[in-house]
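Chemist: Okay, handing you the structure first.
The values are calculated or read from the model by the stated rules, or taken from the named source; none is laboratory data. This one's a predicted model, so the numbers in the text were calculated from it and none came from an experiment. Methodologically, a virtual Cβ is constructed for each residue, glycine included, from the backbone with ideal geometry; neighbour enumeration extends over all protein chains shown.
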Amino acid sequence: MFRGLHIIPHDTRIDFMRLHRIAFALSVAMVVGSILLIAFKGLNFGVDFAGGILMEVHTQGPADLGAMRDELSGLDVGEVALQEFGDPDKVLIRLQKQEGDEKAQIAAIAKVKAALGSDVYIARQEFVGPKVGAELIQDAILASVLAMLGIMAYVWFRYEWQFAVNCIVAIFHDCITTVGLFALLGMQFDLTIVAAVLTIAGFSVNDTVVIYDRIREELRRYKKMPLADLLNLSINRTLSRTIMTSGLAFLSVLAILLFGGEVLRGFSVAMIWGIVIGTYSTICVATPMLIYMNLRRHADAPKPEAGSEAGEVAGSTGS
């Protein structure tokens, strides 16, 4: 009978708990490093947050970004950034906010249009003021906090408070290290990356809930099994599903990174990191922390079959 595809053998006995203190130290280092990078190096905010002018232009034939950059850098409009936008004949032009009121911004746009000439079609132009950018930063932070609190409430309602606390710690770990990665690399941080961070939070909690379901089931079955062995057992029994889900999501996002163009590069980088760090945090952060949370054993649990608990303990500790 066909039993499905198992990338990880069903009888796998990897002792994840043995190295959990090293994993904790690594996670603390990544979180602290990310916070320091954000605080001292800062993020390379896009026009969405920093304010400025955004123009999408279409050229006749592949755009010569070098020539366009040389042409626009002499216009005395401050920093100018150009990037290919999907197709070779589409270019995104970003200008820093000009000193002065709205008339100064309009004047800068007119200079760019005149420099590019009539052969270049202006598909769209946007201006984001610094006040709007500040409001967007506040809204992005609020959305992230509310999402985490909602996830914590859901996990608390479905399991126990210990699971909820560990889950929110793991989600914070995933989100803050993703933002820290962008601070480290200096990549542009805009609303698209905020969407990626929120998506990472959802992906991470989905993976965590699958393992938590297994842990709750095993807690009811094996009331005398050492908790570290029980956690190892739960992770190993869900490992095939975890690898399949994360692996397929990784391949999908990798395709976006390779073929999605410049406009989706930041989103795909964030998602690739989020998938990897989310899988790591579920196994090496959210689950091992339960060792220190004084979990209750359920007295109304069905009794395991004779010899099964002893066999599981021996198999788990023998890895």
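Chemist: Tell me which residues, restricted to the range 91-105, are more than 34 Å from the chain's Cα centre (by Cα) and over 14 Å from VAL128 (Cβ atoms).
Modeler: Those that are more than 34 Å from the chain's Cα centre (by Cα) and over 14 Å from VAL128 (Cβ atoms): GLU99, GLY100, ASP101, LYS103, ALA104.
Chemist: Now, a different point. Of the conditions (1) within 15 Å of the chain's Cα centre (by Cα); (2) surrounded by fewer than 18 Cβ atoms within 10 Å (Cβ to Cβ); (3) free of Cβ contacts under 8 Å to residues at least 24 places away in the same chain, LEU191 clears all except one; give me its number.
Modeler: With respect to (1) within 15 Å of the chain's Cα centre (by Cα); (2) surrounded by fewer than 18 Cβ atoms within 10 Å (Cβ to Cβ); (3) free of Cβ contacts under 8 Å to residues at least 24 places away in the same chain, LEU191 is out only on (3).
Chemist: Kindly indicate which of GLY202, GLY247, GLY180, GLY186 is within 29 Å of GLY33 (Cβ to Cβ), touching a strand residue (DSSP E or B) at 6+ places or on another chain (Cβ under 8 Å) and among the small types (Gly, Ala, Ser).
Modeler: GLY186
Chemist: Restricting to the range 38-49, count the residues that are within 17 Å of the chain's Cα centre (by Cα), surrounded by 18 or more Cβ atoms within 10 Å (Cβ to Cβ) and assigned to a helix (DSSP H, G or I).
Modeler: Number satisfying all stated conditions: 0.
Chemist: Given the criterion buried (at least 16 other Cβ atoms within 10 Å of the Cβ), of a type in the set (Gly, Ala, Ser), in the same structural domain as LEU219 (by TED's automatic domain parsing) and more than 23 Å from PHE189 (Cα to Cα), identify the matching residue among ALA164, ALA140.
Modeler: ALA164
Chemist: Tell me, please, whether a residue that is more than 30 Å from ILE243 (Cα to Cα) and surrounded by fewer than 15 Cβ atoms within 10 Å (Cβ to Cβ) can be found in the range 10-23.
Modeler: No: zero hits.
Chemist: Moving on. Evaluate the following for VAL128: is it modelled with pLDDT of 80 or more and over 20 Å from ILE275 (Cα atoms)?
Modeler: Considered against the rule, which asks whether it is modelled with pLDDT of 80 or more and over 20 Å from ILE275 (Cα atoms), VAL128 comes out as no.
Chemist: Also, quick follow-up: Restricting attention to the range 238-268, and to residues there that are under 30 Å from ALA81 (Cβ atoms) and among the polar types (S, T, N, Q), which single residue is surrounded by the most Cβ atoms within 10 Å (Cβ to Cβ)?
Modeler: Per the stated criteria, the residue is SER268.
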